[in-house]
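One structure is given here, and the rest of the page talks about it.
Only the coordinates and a few stated rules stand behind these numbers; no lab work does. Model, not experiment: these values are computed from the prediction. Backbone-built Cβ (ideal geometry, glycine too); neighbour counts: all protein chains shown.
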Amino acid sequence: MTLESCVATEKKPLLTVAEAKKRIHATISPLTEQERVSLKDAFQRVLAKAVFTPLNLPSTRNSAMDGYALSSEMFAETLTNVGTSWAGKPFERDLKSGECVRIFTGAVLPENADSVVMQENVTVHGSKIEFPTDIKLKKNVREIGEDVRIGDLLCEASKTLSASDLGLLASTGIENVLVIRKLKIVYFSTGDELVGLGESLERGKIYDSNRYSLFGLLQNQNYDVVDGGVIPDDKAALKNTLIQAAKEFDAVITTGGASVGEADYVKAVLEECGEIHFWKIAMKPGKPLAFGKIGKSYFFGLPGNPAAVTTTFDIIVKAALVQLAGGIIKEPFQLTAICATKLKKSRGRQEFQRGILQQLETGGFQVKSTGNQGSHILSTTSIANCYIVLPADCTEVRIGESVTVMLQAI
């Protein structure tokens, strides 16, 4: 596919955030290659195939608590305790008339027992057990298959396995599962002004913070991530680096170089060696965001300003990588909160301002701005716990008005 005619230019309307996400979703083909891993190595991995239970849970009728097991058909107010059923060591015969057995939580019931009476509700006189006259029978028994039955679905395909999922799978004896292979990602910073940590900071230079933000943002059990370092403001170097990276990785991420300055080469290089699906979106921070392909690799060109990097990753790139890795996209949770800060913005772009959300004693929610919302400001990103989402046509929010808040780790 060549450069699309719908690529944004300054004279054409910018893609909305929703349109950009929709275009990415329609373009991406998720990974399908699989690998088998042990259950302990499967935590937070994406399941390649649905898993069904090979046995019933519980596999035997067992007690839900400590007490005395008996048959409701042979119930009497006083029964003789003839043994004990321990967890893992059951009482091995049926009960006879006038009998009951001491039983512990999880222990197997005798075949003809159908009731467990809590130990707190009985009176013990040696081997004689007295039961209340108003006791309710046929209680406190876990039936076979009460949790799941043979053939039931345990975990669906594309699910990211949680700790509870691992416990569920283990409880049915499953030792390993098929998962989608890890997504191979490389990320770069671009710019002659960038220096690494530990280097001297000369006049006009800045420390490269974006690669450290991306390092944190890309921590995921389904990703194999490589820090590609810094690419200088050189078109040939950028082109050669991206072409080579696209041969080795499923996704390539850059920060910087996607704007319209004379040293911003990302768009031009993408036109020459790949394809552009969009460039620039109606979003703040994060207008200069590029998405395309180089060979079989997906390319995400993020802005250079640090707050714009974290925001565009959270709002746009994060879900795209989940989809590419074969997972199920879950939209961030949104809620309505009362704004405690006066907010202003320009009309035209959807804005994601960093905010601090708290729950009031009344149960409602209140949000306030973290302060300076410049895309170069990291300090207000560091203290935020949410985004305040302002529509494109909004120009201000007064104190006390309701706003939409997006809960997202940033």
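For region 162-313, state the average projected area of the convex hull of the C-alpha atoms over all orientations, rounded to one decimal in nm². Can you show the working numbers first?
On the way: hull surface 45.8 nm².
Convex hull of Cα atoms, orientation-averaged projection: 11.5 nm².
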Cross-link list Lys293/Lys318; Lys239/Lys345; Lys267/Lys344: which exceed 25 angstrom alpha carbon to alpha carbon?
Lys239/Lys345; Lys267/Lys344
Within region 17-45, backbone nitrogen closer than 16 Å to the virtual label 7 Å beyond the Cα of Lys330 toward Cβ
43-45
Counting alpha carbon pairs within less than 8 Å and at least 6 residues apart, what relative contact order, in whole percent, applies to region 334-406?
48
Read phi for every residue in region 320-331 and hand back ³J(HN,Hα) as whole Hz from Karplus 6.51 cos²θ - 1.76 cosθ + 1.60, θ = phi - 60°, with x for Gly and Pro.
4, 5, 4, 5, 4, 7, x, x, 9, 6, 10, 5
Can you run phi through the Karplus equation (6.51, -1.76, 1.60; θ = phi - 60°) for region 181-190 and list ³J(HN,Hα) in whole Hz, with x for Gly and Pro?
4, 5, 6, 8, 10, 10, 10, 9, 9, 10
Which of Ser346, Ser171 has the fewest Cβ neighbours within 10 Å, and the rest in rising order:
Ser346, Ser171
Tell me which GluC sites (Glu not before Pro) from region 352-410 have a DSSP coil assignment and no more than 12 other beta carbons within 10 Å of their own.
Glu361, Glu401
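Contour minus end-to-end for Glu156 and Ile399, with contour as 0.36 nm per residue of separation and end-to-end as the Cα-Cα distance?
Numbers: separation 243, 0.36 × 243 = 87.48 nm, distance 4.53 nm.
Residue separation times 0.36 nm, minus the Cα-Cα distance, leaves 83.0 nm.
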Pseudo-spin-label distance Val195 to Ala268, built 7 Å along Cα→Cβ, given in nm, is 2.8
Tell me which residues come under 5 Å, amide H to amide H, from Gly191 once H is placed; ignore anything under 5 positions away on its chain.
Ile231, Asp233
In terms of modelled amide H atoms, which long-range or inter-chain residues lie less than 5 Å from the amide H of Ile377?
Ala307
Candidates per GluC sites (Glu not before Pro) in region 248-324, loop by DSSP, up to 16 other Cβ within 10 Å:
Glu262
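Could you work out the relative contact order of region 62-142? I mean the mean sequence separation of Cα pairs under 8 Å and 6+ apart, divided by the number of residues, in percent.
On the way: 197 pairs, mean separation 32.7, N = 81.
It rounds to 40 percent for region 62-142.
Below 8 Å between Cα atoms, with a sequence gap of 6+, how large is the relative contact order for region 1-137 in percent?
On the way: 181 pairs, mean separation 30.6, N = 137.
Contact order relative to length: 22 percent.
Kirkwood hydrodynamic radius, computed over distinct alpha-carbon pairs, for the chain: how many Å, to one decimal? Intermediate values should be presented prior to the final figure.
Working: mean 1/r = 0.0389 Å⁻¹.
Result for the chain, one decimal place: 25.7 Å.
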